[in-house]
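Beneath this line is the structure, given in structure tokens, with notes to follow.
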Amino acid sequence: MTETATPAPTAPAASPFGLFALRVARSTRLTPNMVRVALTGPDLSRMASAGRDQRIKLFLPAPGRTAPDLPDNSDGQWYAAWQALDPATRGYMRTYTIRTLDTERAELTVDFAVHGEEGPASRWALHARPGDEVGAFAPVVEDNAAYEFRPPADADWILLAADASALPAVAGILEHLPPAVPVRAWIEVPGPADHQNLPAGLDTHITWLTTAGSTPEAIAAADLPSGTPYAWVAGESSTVKAVRRHLVQGRGIDRRRVQFSGYWRKGASEDLLMEKNEAA
Ligand SMILES: Cc1cc2nc3c(=O)[nH]c(=O)nc-3n(C[C@H](O)[C@H](O)[C@H](O)COP(=O)(O)OP(=O)(O)OC[C@H]3O[C@@H](n4cnc5c(N)ncnc54)[C@H](O)[C@@H]3O)c2cc1C
């Protein structure tokens, strides 16, 4: 599995990524369980996005503090610098997707699948107010390494499977695809009111699911288009693994054509996943 949930985020000296100090411009409850936060900052014109599933790191303030500590990136070693900051005050680092980036208006939007007050990022998004300060580690060039949706040129159709955490990435992927490319997508959300209007091509079929972990069964029951697919799967780790197993073992799809990423794991915070990844 692509370890996007638990990356080893070392950056080379001439990193095509940069650190950004940002403020909340506004926050909107998009659907009952999705909060869209628009962020702005003086140097957002430097940020770039490949679209698709463009991932970034967000730095959120520690409890009781108004701003996160941002690491020094002057030598390109921002992750080591972040680890060296005092864990009691540095705040939290979490992985998110660029939903939209408008460099002319200096606005970045991020959609947070909110899951209550337990996770610091979910809690932060639920209470985000204009002026709140955050940091981001994000690309400064469009052609960067921080996205996974890379279909081979000979793919006849695209299969997408996601939950709410990967819904912003699915929206980015659908926007990026030429309209003629057939797409079959399965998206798990908490309830029917969490459905979103998504960009659709000429042959895009989206199946919304409201039972957690039901995607593998739903795909298994589906008639899939003929031809060679490219599959992109992201969301809760165990569901992602089950979908991949079905596609590779059940459907005989070449494993190299199945891109899968655990975006979160039931019962584990992102900090724990990163610690485990470092220990491995
Ligand atoms: C490449 C990548 C891109 C991502 N893009 C987005 C994005 O655009 N929008 C988005 O909302 N998320 C996205 N995620 C997922 C997000 O990083 C995780 O959900 C993260 O754990 C949220 O942090 P937290 O502080 O809220 O919870 P944590 O402190 O990490 O976890 C606390 C508890 O909440 C549970 N939990 C974590 N996430 C969820 C969830 N989504 N639903 C239910 N329970 C959860 C954990 O299992 C744990 O028990 C992305 C992840 C990756 C790897």
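The values are calculated or read from the model by the stated rules, or taken from the named source; none is laboratory data. These numbers were taken from a predicted model, which means no experiment stands behind them. With ideal geometry, Cβ positions are generated from the backbone for all residues, glycine too; neighbour counts draw on all protein chains shown. Ligands, DNA and RNA are stripped out before the accessible areas are found, and what is left, the full protein with its side chains, is counted by its heavy atoms. Shrake-Rupley method; radii C 1.70, N 1.55, O 1.52, S 1.80 Å.
Identify, please: which residue in the stretch 152-175 is surrounded by 14 or more Cβ atoms within 10 Å (Cβ to Cβ) and over 15 Å from the mean Cα position of the chain (by Cα) and is, among those, farthest from the ligand (Cβ to nearest atom)? Steps first, answer last, please.
Quick first cut of the stretch 152-175, residues surrounded by 14 or more Cβ atoms within 10 Å (Cβ to Cβ) only: 155, 157-174.
This time we only want the ones that are over 15 Å from the mean Cα position of the chain (by Cα), so: 155, 157-159.
Numbers: 155: 21, 157: 24, 158: 18, 159: 18 Å.
Within the stretch 152-175, the match that is farthest from the ligand (Cβ to nearest atom) is 157.
Within the stretch 44-67, how many residues are hydroxyl-bearing (Ser, Thr, Tyr) and either within 16 Å of the ligand (Cβ to nearest atom) or within 21 Å of the chain's Cα centre (by Cα) (or both)?
Start the filter on the stretch 44-67 by keeping residues that are hydroxyl-bearing (Ser, Thr, Tyr), which leaves 45, 49, 66.
Right, trim to either within 16 Å of the ligand (Cβ to nearest atom) or within 21 Å of the chain's Cα centre (by Cα) (or both) and you get 49.
Here the count works out to 1.
Counting only residues that are out of contact with any helix residue (DSSP H, G or I) (no Cβ under 8 Å at 6 or more places or on another chain) and either farther than 17 Å from residue 165 by Cα or of a type in the set (Lys, Arg) (or both), which one in the stretch 224-243 is surrounded by the fewest Cβ atoms within 10 Å (Cβ to Cβ)?
It comes out as 226.
Yes/no per residue for (1) free of Cβ contacts under 8 Å to residues at least 12 places away in the same chain; (2) over 19 Å from the mean Cα position of the chain (by Cα):
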{"position": "22", "(1), (2)": "no, no"}
{"position": "36", "(1), (2)": "no, no"}
{"position": "42", "(1), (2)": "no, yes"}
{"position": "69", "(1), (2)": "no, yes"}
{"position": "72", "(1), (2)": "yes, yes"}
{"position": "78", "(1), (2)": "no, yes"}
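Kindly establish whether residue 137 is within 10 Å of the ligand (Cβ to nearest atom), within 21 Å of the chain's Cα centre (by Cα) and closer than 16 Å to residue 22 by Cβ. Don't jump to the end; show me each part of the working.
Values: within 10 Å of the ligand (Cβ to nearest atom): no; within 21 Å of the chain's Cα centre (by Cα): yes; closer than 16 Å to residue 22 by Cβ: yes.
No: the conditions fail for residue 137.
Going by what's in this entry, would residue 278 be described as in contact (Cβ under 8 Å) with a residue 40 or more places away in the chain, within 16 Å of the ligand (Cβ to nearest atom), exposed (fewer than 13 other Cβ atoms within 10 Å of the Cβ) and charged (D, E, K, R)?
Yes: the conditions hold for residue 278.
Residue check: is residue 84 away from the ligand (no atom under 16 Å from the Cβ), more than 18 Å from the chain's Cα centre (by Cα) and aliphatic (A, V, I, L, M)?
Judged against the criteria, residue 84 is a match.
Test residue 179 against the stated conditions and say whether it is under 20 Å from the mean Cα position of the chain (by Cα) and under 30 Å from residue 36 (Cα atoms).
no
Can you run down the residue pairs with Cβ atoms below 6 Å, 6 or more apart or on separate chains, where the first is in the stretch 110-139 and within 25 Å of residue 234 (Cα to Cα) and the partner is within 12 Å of the ligand (Cβ to nearest atom) and of a type in the set (Lys, Arg)?
110/99; 111/36; 111/99; 117/123; 121/94; 137/57
For the stretch 212-227, give me each residue that is touching a strand residue (DSSP E or B) at 6+ places or on another chain (Cβ under 8 Å) and either more than 20 Å from residue 194 (Cα to Cα) or in a helix (DSSP H, G or I) (or both).
Of everything in the stretch 212-227, those that are touching a strand residue (DSSP E or B) at 6+ places or on another chain (Cβ under 8 Å) and either more than 20 Å from residue 194 (Cα to Cα) or in a helix (DSSP H, G or I) (or both) turn out to be 215, 218, 219, 222, 224, 225, 227.
It is to be established whether one or more residues within the stretch 91-111 are surrounded by fewer than 17 Cβ atoms within 10 Å (Cβ to Cβ) and among the hydrophobic types (A, V, I, L, M, F, W, C).
For the stretch 91-111, residues surrounded by fewer than 17 Cβ atoms within 10 Å (Cβ to Cβ) and among the hydrophobic types (A, V, I, L, M, F, W, C): absent.
Step by step: first the residues of the stretch 253-273, then only those that are buried (at least 17 other Cβ atoms within 10 Å of the Cβ) and assigned to a helix (DSSP H, G or I), then the one that is nearest to the ligand (Cβ to nearest atom). Which residue is that?
Applying the filter and picking the extreme gives 270.
For the stretch 100-112, enumerate the residues that are over 17 Å from residue 128 (Cα atoms) and within 16 Å of the ligand (Cβ to nearest atom).
Selection gives 100, 101.
So, in the stretch 228-252, exactly how many residues are in a strand (DSSP E or B), touching a Lys or Arg at 6+ places or on another chain (Cβ under 8 Å) and farther than 14 Å from residue 188 by Cβ?
Selection size over the stretch 228-252: 3.
The conditions are (1) closer than 25 Å to residue 265 by Cα; (2) of a type outside the set (A, V, I, L, M); (3) open to solvent by 20 Å² or more (accessible area, probe 1.4 Å), and residue 54 fails exactly one of them. Which is it?
Among (1) closer than 25 Å to residue 265 by Cα; (2) of a type outside the set (A, V, I, L, M); (3) open to solvent by 20 Å² or more (accessible area, probe 1.4 Å), the lone unmet condition for residue 54 is (3).
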